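Participant: Below you'll find the structure I mean.
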Amino acid sequence: MVRDLQLRSATPEDLDWIHELRHRVYAQELGQHPPDPAGRLRDGLDGGNVYLVAARGTTRIGFVSLTPPWLGRFGLDKYLTRDELPALGGHDVFEVRILTVEPRWRSTSAAPLLMYAALRWIASRGGRRVVAMGRTEVLDLYRAVGLRPVGRTVRGGAVTFEVLTGEVPELARRARERYGSALERLRSVVDWRLDMPFAPRPDGCEHGGASFTAVGTDFRTLHRRHDIVMADVLDAWFPPAPGARAALAEDPAWTARTSPPSGAEGLSAEIAALRRLPAETLAVGAGSSDLIFRAFGRRLTPRSRVLLTDPCYGEYAHVTERVIGCRVDRFPLRREDGWRIDPERLAAAVDSGRYDLVVVVNPNNPTGRHAPASGLRALIEAAPDRTHWWIDEAYLGYVGLEESLAGLAATDPRVTVCTSLSKMYALSGLRAAYAVAEPATAAELRRWTPPWPVSLPAQLAAVAALRDPEYYRDRWLATHTLRRRLAADLAAAAPEVTVEESVANFLAITLPPGGPSAARLVTECRRQGVYLRDLSPLSPQYEGRTVRIAVRDTAENARIVAACRAALDALRPAPAALVAQPTGAGGTAR
């Protein structure tokens, strides 16, 4: 074990040592590359890949190189074509390369920790698959962490490599199960300076809501809520309708001690009347996540195949991949297409009939784009009969409830629509949602619903909220005004970032390539009491550079703008750090 081992991203000052160590190991020691008179070994990927460094004080110990998919090429491309190695295909594949440790430190924990740091970095950027080249002499090191050979070997000079791959969720699970206690011991002696936590959340799902940690999850310091801006979750900036507040305040002692209607019959009747739906097509739950877990847990198995848009609300990947163990494919949404769903491309993906379930969040969280109901309806109607569709309309009120596909879900056994009352109706703390499906499907979901699924306070407030549509229409319109103003203020205050509006109660800002990561911006803003959401773990499409910001009221939006500007100023490299990469005659690894 190396005590006080520091793990960090490489600085410009590290590059000369990295190139020198690479030359010593891969040219002089192993003979993979011919020696170079300058004693330096560089690589054509150096301008875009990422180095993580292990050091102890001023002594550099080792490094590992990571090549992200957005670079557009990998080190393995020098040896194999994409046809020869299909594992390189896809938008979520990261390459781990050149794990290198100084000779005197090779018997320590430095190499395993660098491998673990690489896995955490990849997961924090939404990576789902890893490829690597492992020297045959140290193949056991790679196998131990869960990487498996794909049946291809490549040769570089005097060195033979085995091509390896692994799924990030499986690698993370293996690390927890096999090395959890060792990692916990190392955690206390490692100086972790990377921009993601040392360990993932226990459930493996990256939720928003870190702001509540600042408020205090033991509820002893709730006064802190007045000091922070909770823009990392998409709770409404406005209060519930007056009738909902009155229902909660009328007799709180009775409301707290009284059991609610066991099947939320009154709430279901109110939804049915307002949405003009048959009551038998409804099932209610304590928020959309409650419905997702119950519905998917009954409908899907590890043999099921699921298609998710990417990016997408993280709960869907968590439930399908980690909880149930389904085979999950991604339908990538593209920044260059404005994050919009291309109906023809989605139809082509679904037309094979291999998917048991397709999930569409509409409007999408986190992209904030809305697919018109008419196009989705046509796509669903033309899809194979065996494919079921789950349409999440948590933010549809911000577009218009007339865009709902609930009517289709009530009659088409292939479609379920899930609608949360939490975000649109300012009831996040109470937890209420409903699903719409044809009667037999809805009845099955109700059969697996425990009694009293929605608390009495939530039922009272939700019914009152649904009875005041005019209030919410006004609030949704006001949200659009606030969002446009926030977008304009951010663009003016921080012209180096790209601001992307949504149709809902949030927007996104993307930092420039080569600038600070989204994680560092989020951390810096927290120092000022402003909490934002780093979108990097949701998808590699964000390249570790995009932050989602919930719309708040005018005063809090002003704090968000000021915090972002101050954070960007604080993260700007000091002049001394702006050292150009050496341009000597060092050799280039091919």
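Participant: Kindly establish whether GLY151 is open to solvent by less than 60 Å² (accessible area, probe 1.4 Å) and over 25 Å from SER181 (Cα atoms).
Facilitator: Spelling it out, it is not the case that GLY151 is open to solvent by less than 60 Å² (accessible area, probe 1.4 Å) and over 25 Å from SER181 (Cα atoms).
Participant: So, of the residues in the stretch 182-224 that are of a type in the set (Asp, Glu) and at pLDDT 90 or above, which turns out to be nearest to LEU532 (Cα to Cα)? Lay out the reasoning, then the answer.
Facilitator: Step one: of the stretch 182-224, the residues of a type in the set (Asp, Glu) are 184, 191, 195, 203, 206, 218.
Adding the requirement that they be at pLDDT 90 or above leaves 191, 195, 218.
Numbers: ASP191: 25, ASP195: 15, ASP218: 22 Å.
Looking at the filtered set, the residue picked out is ASP195.
Participant: If VAL530 meets every condition in (1) within 18 Å of LEU571 (Cα to Cα); (2) touching a Gly at 6+ places or on another chain (Cβ under 8 Å) apart from one, which number is that one?
Facilitator: It is condition (2) that VAL530 fails.
Participant: Scan (1) open to solvent by 50 Å² or more (accessible area, probe 1.4 Å); (2) within 24 Å of the chain's Cα centre (by Cα) for the single condition ARG224 breaks and write down its number.
Facilitator: Only one criterion is unmet by ARG224, namely (2).
Participant: Sticking with this structure for a sec: Between residues in the stretch 393-412 that are touching a residue at least 60 places away in the same chain (Cβ under 8 Å) and within 11 Å of VAL436 (Cβ to Cβ) and residues that are open to solvent by 50 Å² or more (accessible area, probe 1.4 Å) and in a helix (DSSP H, G or I), which pairs lie under 7 Å by C-beta distance while being six or more apart or on different chains?
Facilitator: ALA406/ARG275
Participant: If you go through the stretch 317-328 one residue at a time, do you hit one that is in contact with a Leu (Cβ under 7 Å, 6 or more places away or on another chain) and open to solvent by 40 Å² or more (accessible area, probe 1.4 Å)?
Facilitator: No, that holds for no residue.
Participant: A follow-up question, please. Any idea which of ALA562, ALA493 is out of contact with any Lys or Arg (no Cβ under 9 Å at 6 or more places or on another chain) and either small (Gly, Ala, Ser) or in contact (Cβ under 8 Å) with a residue 60 or more places away in the chain (or both)?
Facilitator: After applying the criteria, what remains is ALA562.
Participant: Now a separate question. Which pairs turn up if I take residues in the stretch 223-236 that are closer than 21 Å to SER288 by Cβ and look for partners that are assigned to a loop (DSSP other than H, G, I, E, B) and among the basic types (Lys, Arg) with beta carbon separation below 7 Å, at least 6 apart in sequence or on another chain?
Facilitator: ALA231/ARG552; LEU234/LYS423; ASP235/LYS423; ALA236/LYS423
Participant: Listed residues LEU164, LEU141; which is modelled with pLDDT of 90 or more, touching a helix residue (DSSP H, G or I) at 6+ places or on another chain (Cβ under 7 Å) and surrounded by 15 or more Cβ atoms within 10 Å (Cβ to Cβ)?
Facilitator: The unique qualifying residue is LEU164.
Participant: Given the structure, is ALA504 open to solvent by 40 Å² or more (accessible area, probe 1.4 Å) and modelled with pLDDT of 95 or more?
Facilitator: no
Participant: I would also like to ask the following. Quick one: is ASP232 among the acidic types (Asp, Glu), assigned to a loop (DSSP other than H, G, I, E, B) and open to solvent by 20 Å² or more (accessible area, probe 1.4 Å)?
Facilitator: On the way: among the acidic types (Asp, Glu): yes; assigned to a loop (DSSP other than H, G, I, E, B): yes; open to solvent by 20 Å² or more (accessible area, probe 1.4 Å): no.
Spelling it out, it is not the case that ASP232 is among the acidic types (Asp, Glu), assigned to a loop (DSSP other than H, G, I, E, B) and open to solvent by 20 Å² or more (accessible area, probe 1.4 Å).
The values are calculated or read from the model by the stated rules, or taken from the named source; none is laboratory data. Because the structure is predicted, anything quoted here is derived from the model rather than measured. Cβ coordinates were reconstructed from backbone atoms using ideal geometry, including for glycine residues, and neighbour counts include every protein chain displayed. Just so you know, the surface numbers come from the protein's heavy atoms only, side chains and all, with ligands and any DNA or RNA stripped out. Shrake-Rupley method; radii C 1.70, N 1.55, O 1.52, S 1.80 Å.
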